[in-house]
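Below is one structure, written out as structure tokens, with a few remarks after it.
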Amino acid sequence: MTGGGTGGHLAIVRAVKRELEGRRLVYVGSTSGQDRRWFGEDETFGTKYFLETRGVVNQGLGGKIRSLRMLAGAVKKSMGILRKQEAAVVFSVGGYSAAPTALAAKMLGIPLVIHEQNAVPGALNRLLKPFAAVYLSAFEEESPVRAYPIDEIFFEKARLRQELRSVLFLGGSQGAAAINRLALELAPVLKARGIEIVHQAGERHLEKVRNAYREMGIEAEVFGFSDRIPEYMQQADFAVARAGASTLWELAANGLPTLFIPYPYAAGDHQYRNAEYLVQRRLAWLMRESELETGKVLDLMKQDLSLLSKGLMELTPKDGSREIAEILEEYLR
């Protein structure tokens with residue numbers, strides 16, 4: 001299993017590996033990004049490797065050359081790893097962490113199964129799609145598995161929302177300045193209405209945001225990185241979030257009506273396109289950062305949450321992780 005860098009990629013690995021209990025699993029990731037935080041101590045992987053890689057996109061010419069040199073060295077190491085581990089299949093979730101092992105798999109003739117999370121495929125997955133044994137995407141009708149691999153806990157904690165009593169602001173573990181600003185602007189009105197505030201401000205912005213609430217005399221549960229996201233989602237009746245694919249489908253599985261504010265610099269504007277998938281079905285709201293106004297957001301909070309909540313739960317199929325695991329099992333027989 002390979003790929004990562006961001007939590008969206010790594011969440012797929014985590015969800016699918018739980019369905020492969022008892023199999024000998026090997027993880028190959030990067031020393032950059034969040035790979036070590038997620039899987040460095042994960043004993044369900046018999047062996048873990050973290051190679052020196054970094055992204056090529058959004059780098060200057062010199063940076064691109066250095067990244068490509070690192071990639072070439074990492075591909076060589078990955079080929080050695082795959083031979084040593086006698087890999088029967090490689091499952092790639094994309095991202096720069098996946099590049100060395102996915103490329104090595106093709107060079108060695110090992111079947112490559114790719115999962116693309118987003119409505120707009122990443123550069124690596126676009127490159128390797130024609131060579132993949134199986135290519136999976138919840139956004140593509142021809143995909144053999146349409147269900148997004150979501151941890152079962154998001155379905156277990158789903159509930160129908162009917163009344164607004166709690167708002168969850170999700171900026172990711174790194175935080176989102178635009179979402180933080182919006183939350184603080186809305187806070188006095190939410191407090192006056194007796195609405196609880198739960199806010200993932202990001203590790204870098206944690207103290208600044210906590211102090212801002214304190215200065216306004218407003219109680220809010222503010223955190224950075226957390227493994228309690230399913231509980232926070234269950235607690236909330238309305239969410240404001242980025243539109244990374246894993247976050248989007250987790251919110252949908254949970255039945256939580258959401259205003260999506262896509263990261264404006266995402267490759268191919270994929271977060272906007274992800275959110276559009278739900279907006280076109282009238283199951284979410286979408287605003288660019290430049291369009292944010294507190295009045296508009298407060299108007300959304302007055303709408304019938306039950307219609308969206310019910311529709312989200314009906315739209316989101318279960319068992320994506322199991323179905324992907326079954327495809328991988330075919331290569332292990």
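The values are calculated or read from the model by the stated rules, or taken from the named source; none is laboratory data. Model, not experiment: these values are computed from the prediction. Cβ atoms come from the backbone with ideal geometry, glycine included; neighbour counts cover every protein chain shown. We work out accessible area using only protein heavy atoms, side chains counted, and drop any ligands, DNA or RNA first. Shrake-Rupley method; radii C 1.70, N 1.55, O 1.52, S 1.80 Å.
The residues of the chain have, on average, 46 Å² of accessible surface per residue, using a 1.4 Å probe with all protein chains present.
Each Lys and Arg contributes +1 and each Asp and Glu -1, all at the Cβ; summed about the Cα centre of region 45-170, the dipole is approximately 640 debye. In summary, the lysines within cross-link reach of Lys302, defined as a Cα separation below 24 angstrom excluding same-chain residues under 8 places away, comprise Lys157, Lys191, Lys310. Of the whole protein surface, Met107 contributes about 120 Å² of accessible area at a 1.4 Å probe radius. For the chain, the fraction of C-alpha pairs farther apart than 30 angstrom is 36 percent.
Note on surface exposure: Tyr96, Tyr265 rank Tyr265, Tyr96 by accessible area, highest first, 1.4 Å probe.
Running Debye on region 160-240 with equal point scatterers at the Cα sites and no solvent, what base-10 log of I(q)/I(0) appears at q = 0.12, 0.19, 0.21, 0.25 Å⁻¹? For region 160-240, the Cα-only Debye profile gives -0.29, -0.74, -0.91, -1.26. Translational diffusion coefficient, Stokes-Einstein: compute it for region 1-140 using the Kirkwood radius over C-alpha pairs as Rh, at 10 °C and 1.306 mPa s, and state it as an integer in µm² s⁻¹. Translational diffusion coefficient: 107 µm²/s. Scan the chain and hand back the longest stretch that contains none of the GluC sites (Glu not before Pro) lying in DSSP loops with at most 14 other Cβ atoms within 10 Å. Longest gap between qualifying sites, sites excluded: 220-292. Once C-alpha pairs closer than 8 Å and six or more residues apart are averaged by separation and normalised to the residue number of region 185-269, the relative contact order reads 23 percent. Here region 73-211 has 52 percent of its accessible surface on carbon and sulfur atoms, given a 1.4 Å probe and all protein chains in place.
Calculation over all alpha carbon pairs of region 225-333 in 5 angstrom steps from 0 returns a P(r) of 2, 11, 20, 21, 19, 13, 6, 4, 2, 1, 0, 0 percent. State log₁₀ I(q)/I(0) for region 179-226 at q = 0.29 Å⁻¹ as given by the Debye formula over alpha-carbon point scatterers of equal weight, solvent excluded. For the requested q values the scattering log ratios are -1.16. The largest accessible area among Phe155, Phe45, Phe131, Phe225 belongs to the first residue in Phe131, Phe225, Phe155, Phe45, and the rest follow in falling order (1.4 Å probe, all chains). Given +1 at the Cβ of Lys and Arg, -1 at the Cβ of Asp and Glu and no other charges, the dipole of the chain around its Cα centre is 1040 debye to the nearest 20. Applying 0.36 nm per residue to the separation of Lys76 and Leu332 and subtracting their alpha-carbon distance, the gain on full extension is 89.7 nm. Secondary-structure-derived ellipticity at 222 nm for the chain, considering helices only, amounts to -13000 deg cm²/dmol, per-run term -39500 (n - 2.57) for DSSP H runs with n ≥ 4.
In the P(r) worked out for region 103-211, what percent of Cα pairs fall beyond 20 Å? Cα-Cα pairs of region 103-211 separated by over 20 Å account for 63 percent.
Which lysines does Lys129 reach when only Cα atoms under 29 Å apart count, and residues fewer than 8 places away in its own chain are ignored? Hits, sequence-local ones excluded: Lys17, Lys48, Lys64, Lys76, Lys77, Lys84, Lys106, Lys318.
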